[in-house]
Amino acid sequence: MIDDDSKYFSLSGDIPIGGPSTWHIIDWDQRRVVSVTMDGEQDDEGIAIEHFSRLSSQLSPNVYRIYISDTGEVISTYTDPENDQTCCVHYPPVSEISVPQGITMVRRDELEELERLGPDADLVSYPPCSGASATKAVFKYHFLWQYAHMAWKEMNLWMRLPRHPNIVPFDKIVLDELEGRVVGFTSSYVPGGNLEENKSRVFKLEWLKQLIEVVDLLNLRYGIAHQDIAPRNLLVDDSTDSIKLFDFNFAARIRRFSLPGGESYVEDRNDVKGVIFTTYELITQDQSLRSVPHEEQSLEALTMEWIKHPGVKLNHPIASYQLVLQEWQELRAGNLHDVHVGDAPEAIDWPSRPQPPQKTISMKDANGQPLYMTVDNWDERRQDVRSSGGKILNWERPPQRFLDNGTRVLSSGEVLEC
């Protein structure tokens, strides 16, 4: 289930002088956009989110905008398409992407929701209605254009990584059911929860050594920095007694220069630092040292005595974990910041995201004269696509309470009847 703190988000708003103010709120649970209008100049989107979170379960799926009074009551609801702020993202056709050998595909409407793990991430099974014989996987996708480049990068990087016992395997490319466009991907499901959630299990020294080995592999052989090593991104496969790294949305090719399109290598997020902080957090349950910006996170802060949290279980003394980290840090000291993708013997690379069709938009210059500009059509308002007779890929789905009551839902949002 998506927790309440992560369920709502605002990407934009309109605050004219004197008001009324409108904030466009994203409901990650129902995958919809609803505009919240309030009197006056309300420059705090948190107020709009607070109102909407209280009212969202009461709104029908065809409501696009609500007008809220000063006391938080609904004055008006709007269902006309002119108030629909939802955008249709341009997804590349599968024919335009380079698919590595052995990667297979599945359609979005062939996935059944089992659990909503977070924004743009669900636990699913396929094929639907197959009971115990179904395959479980994690479906990652995007329905907002702002996340398209990062999603493209993560999918292409992950599906090109060679299989490794300490990396969660890439599963399938997911296509839409309308035109066969690429809308996301699945990764294999590893039960048991991540190390942030499952604090009762023993944190084994062997798992730390496995993590170090896979980070060296990513950095030194493949030229890839994960950049988000943390307990929440580490799973344990009980069947093999091994740790598994996942979630490559912040990963990047290790470069001396920044790259466009959702990929950014930041030396202050290097993986050696990430492993050491992660080990400290797992042993002490102290997350305060990484509560500051990455550039302010210093390994020197970890030179103090590590005090094991009473609830943490280890299979070796703390000193053994620290010794492994110290020896590894010294070994990597010479190449901590100077490993680059061009130096990696098996550097992983991938093509840029395919360009979308272009469109011509009309504007006015400073003198009020018409001005026409041709731009890439990365996204388009749903109401405009509908007006032009284009195909619309909808993402809306029933709220979580439907799943809690036993309703079965496909990843397309369609209610399933078996």
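Each reported figure results from applying straightforward, stated rules to the coordinates on display, with no laboratory input. Bear in mind the structure is a predicted one, so any value in this text is a computation, not a measurement. Cβ placement follows ideal geometry from the backbone for every residue including glycine, while neighbour counts extend to all protein chains displayed.
Given N residues in the chain, what is Rg(Cα) / (2.2 N^0.38 Å)?
1.09
Between segment 399-418 and segment 199-213, what is the C-alpha centre distance in whole Å?
About 37 Å separates the Cα centre of segment 399-418 from the one of segment 199-213.
Any idea how far the Cα center of segment 107-145 sits from the one of segment 347-386, in Å?
Their Cα centres are 31 Å away from one another.
Would segment 120-180 count as rounded, prolate or oblate if I go by the C-alpha gyration tensor, calling it rounded below 1.5 in a/c and otherwise prolate when a/b exceeds b/c, oblate otherwise?
Note, shape of segment 120-180 comes out oblate.
Evaluate E = 1/(1 + (r/R0)^6) for Q101 and K209, where r is the Cβ-Cβ distance and R0 equals 35 Å; express this FRET efficiency to the nearest 0.05.
Between Q101 and K209 the formula returns 0.65.
Students often check this: by mean Cβ neighbours within 10 Å, which of 240-251, 36-47 ranks highest, and how do the rest follow?
240-251, 36-47
Taking a ≥ b ≥ c as the square roots of the Cα gyration tensor eigenvalues, with a/c under 1.5 meaning rounded and otherwise prolate when a/b beats b/c, else oblate, which class fits segment 158-266?
Note, shape of segment 158-266 comes out oblate.
By the scheme Lys and Arg +1, Asp and Glu -1, what is the net charge of all other residues having a beta-carbon under 10 Å from that of R269?
For residues surrounding R269, the net value is -4.
In cubic angstrom, how much convex hull volume per residue do the alpha carbon atoms of segment 202-335 span?
119 Å³
Check the cysteines of the chain one by one and keep only those with no other cysteine Cβ under 4.7 Å from their own.
Lacking a cysteine Cβ partner under 4.7 Å: C87, C88.
Cα extents of segment 4-84 along the three principal axes, largest first, in whole Å?
In descending order, the Cα extents are 32, 28, 22 Å.
Could you order the peptides 85-92, 352-359 from most to least packed, using the average number of other C-beta atoms within 10 Å per residue?
Result, highest mean Cβ count within 10 Å first: 85-92, 352-359.
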